[in-house]
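Undergrad: The structure follows.
Throughout, read-outs are computed from the coordinates displayed, never taken from laboratory work. Predicted, not measured: the structure shown is a model, and the values here were computed from it. Here Cβ is always computed from backbone atoms with ideal geometry, including for glycine, and neighbour counts include all displayed protein chains.
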Amino acid sequence: MRRLFPYKKLIILVLLVAASVFLMNITGSSGDTPSLWEKILWKGMQPFLDGLLAVKDKFGEYSALFQQKEALLQENRELKSRLESLESLLTRLKEIENENRRLKELLGFREQLEQEYKAADVIGRSPSKWFSTITISLGSADGVTVDAPVISRKGLVGRVIKVDARSAQVLMLTDPESGVGSLISRSRDYGAVVGGSGSEALVMRFFSRDADVRVGDEVLTSGVGSVYPAGLLIGYVTEVYVPQPGLVKECYVRPAVDFAHLEEVLVMIE
């Protein structure tokens, strides 16, 4: 420590001179030409400034990418929404096409009938009696009356049991209380078709023990009675049996009509 003491004044003098030179360079330099210390300071800060600029550029790139991503996501959402709308519209167009096809077939079938019929939509069903009754879109204001026969393009549906001004209730053949005079198209043997065995089968009871009936025979309305005209298709024989010894034959009849999927029908108008 004592050896360094003689140089203490010298060190202080050097520091003072350096400080004076530094101040002279700062205050004495022109505005256009940087001083030596400014050059040294700028050179020392250059890497830091370059780093800041690089970070700024990267931030700008990421910001642009983020904005581009948000724009793409928004466009994707809009395209999905348009696609869903188009799919919904396509489904609706297909439904309208199918409905038009069914109506054309129904109206074409109507042209073959002798009596006057009007087309009606099925607008209601009873959940507790799904295969018993339906509600149609025509009523007394359209000329519908009680007991008016109701058919589809495939065959007999049932008859009207209740009429309002703009709607009517139809008792279908599958209901246990339903019954219709019928005959086997091939042999002309008469009987009566009743419901109650579900939507897949009706029961035909014959009036004769010697009735000639076979699986696959076509069953038509006989015209017996005052409700149903003759010649309407009811269904096809699927099984022939005798309930008990000594009784007349019976048979199961598969309905020609798909009662579970009725959408349009024809109702006879007086």
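Undergrad: How long, wide and thick is segment 117-268, going by the Cα atoms along their three principal axes, in whole angstroms, largest first?
TA: Between the extreme Cα coordinates on each principal axis of segment 117-268 lie 49, 29, 22 Å.
Undergrad: Among 145-152, 78-85, 186-193, what's the highest-first ranking by average C-beta atoms within 10 angstrom per residue?
TA: Details: 145-152: 19.6, 78-85: 10.0, 186-193: 17.2.
Final packing ranking: 145-152, 186-193, 78-85.
Undergrad: State the three equivalent ellipsoid semi-axes of segment 157-203, derived from the C-alpha gyration tensor as the square roots of 5 times its eigenvalues, in descending order and whole Å. Could you put the intermediate results ahead of the total?
TA: Values: eigenvalues 125, 34, 12 Å².
Listed largest to smallest, the semi-axes of segment 157-203 are 25, 13, 8 Å.
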